[in-house]
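The values are calculated or read from the model by the stated rules, or taken from the named source; none is laboratory data. These numbers come from a predicted model, not from an experiment. Cβ sites come from the backbone with ideal geometry, for glycine too, and all protein chains shown count toward neighbours.
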């Protein structure tokens with residue numbers, strides 16, 4: 001269990017009491033015949049493991065599982081067209097927008113009982129010691145879904161968390177590092193980055209490119225800023241850092257060596273080691289990156 005991506009939230013409440021019982025009360029249930037979707041908590045180890053939350057040294061790992069019925073839009077569209085055409089022929093007039101939507105909803109309801117289910121999982125953990133919540137996701141949509149589901153499970157008064165926000169513009173500061181050759185100690189440039197226009201959403205992507213390239217500097221001196229860039233931290237973690245303060249493509253450089261040196265007797269020893277290893281790496285990385293942007297905003 002190694003997170004490859006991380007969206008980080010600042011925890012603003014204390015440790016959740018009776019967490020395991022609260023998660024079990026909202027445990028995952030498969031979709032019923034007429035359900036379009038169903039979400040709930042499963043063990044982060046394997047779905048049917050008795051441990052619904054994995055805890056070690058003030059960190060609690062959880063997994064939100066979702067099932068979505070797969071309804072193919074093209075099939076719905078074709079069936080809707082056939083039914084509308086038949087009704088219009090019988091009636092001799094056009095069918096209105098509202099009735100078309102009602103027919104479409106009826107088609108979907110008819111398809112639900114036999115539609116296949118697509119499962120997905122979102123993992124996240126709370127680091128109580130460092131007041132962080134870390135979600136394994138590449139999009140804020142999935143990360144927010146995890147956070148909102150957890151809040152609904154344990155209660156809004158017992159859980160408050162805010163996306164990490166820093167006092168400096170991430171794009172502007174990363175651009176300064178490149179233009180002034182002033183990248184902070186403990187960081188090294190990777191060979192990937194994306195630049196974006198300040199006025200619109202147009203982007204330029206670089207791959208296997210020296211970040212000291214004059215072409216990149218020229219763009220940054222014009223009207224572009226860094227959207228994301230690859231770094232190496234302390235020769236231990238490779239990652240792509242985005243202007244939204246998220247981490248993608250995490251690679252733990254020393255993980256395999258550390259794992260080979262560890263005395264791991266069974267599966268749970270390995271799981272314990274992996275979770276402890278990467279959460280300690282993420283803890284140090286996040287704290288360091290926050291410092292580089294003049295700390296966090298006041299969330300209150």
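Screening the candidates 199, 281, 232 for the property of being part of a loop (DSSP other than H, G, I, E, B), at negative phi and without any contact (Cβ under 8 Å) to a residue 60 or more places away in the chain yields one hit, 199. Out of (1) free of Cβ contacts under 8 Å to residues at least 40 places away in the same chain; (2) surrounded by 12 or more Cβ atoms within 10 Å (Cβ to Cβ); (3) touching a strand residue (DSSP E or B) at 6+ places or on another chain (Cβ under 9 Å), what's the single condition that is false for residue 212? All conditions pass for residue 212, except number (2).
Looking at 259, 227, just one residue is assigned to a helix (DSSP H, G or I) and in contact with a helix residue (DSSP H, G or I) (Cβ under 9 Å, 6 or more places away or on another chain), and that residue is 259.
Being modelled with pLDDT of 95 or more and more than 22 Å from the chain's Cα centre (by Cα) is the filter; apply it to segment 255-292 and report the residue that is surrounded by the fewest Cβ atoms within 10 Å (Cβ to Cβ). If we take residues in segment 255-292 being modelled with pLDDT of 95 or more and more than 22 Å from the chain's Cα centre (by Cα), then 291 is surrounded by the fewest Cβ atoms within 10 Å (Cβ to Cβ).
Across segment 136-182, what is the number of residues that are assigned to a loop (DSSP other than H, G, I, E, B) and buried (at least 18 other Cβ atoms within 10 Å of the Cβ)?
4
For residue 16, the conditions (1) assigned to a strand (DSSP E or B); (2) surrounded by 19 or more Cβ atoms within 10 Å (Cβ to Cβ) are fulfilled apart from (1). Could you list, in sequence order, the residues of segment 28-60 that are under 19 Å from residue 119 (Cβ atoms), free of Cβ contacts under 8 Å to residues at least 40 places away in the same chain and over 21 Å from the mean Cα position of the chain (by Cα)? 29, 32, 48, 49, listed by residue number.
Tallying residues that are in a strand (DSSP E or B) and touching a helix residue (DSSP H, G or I) at 6+ places or on another chain (Cβ under 8 Å) within segment 110-122 yields 1.
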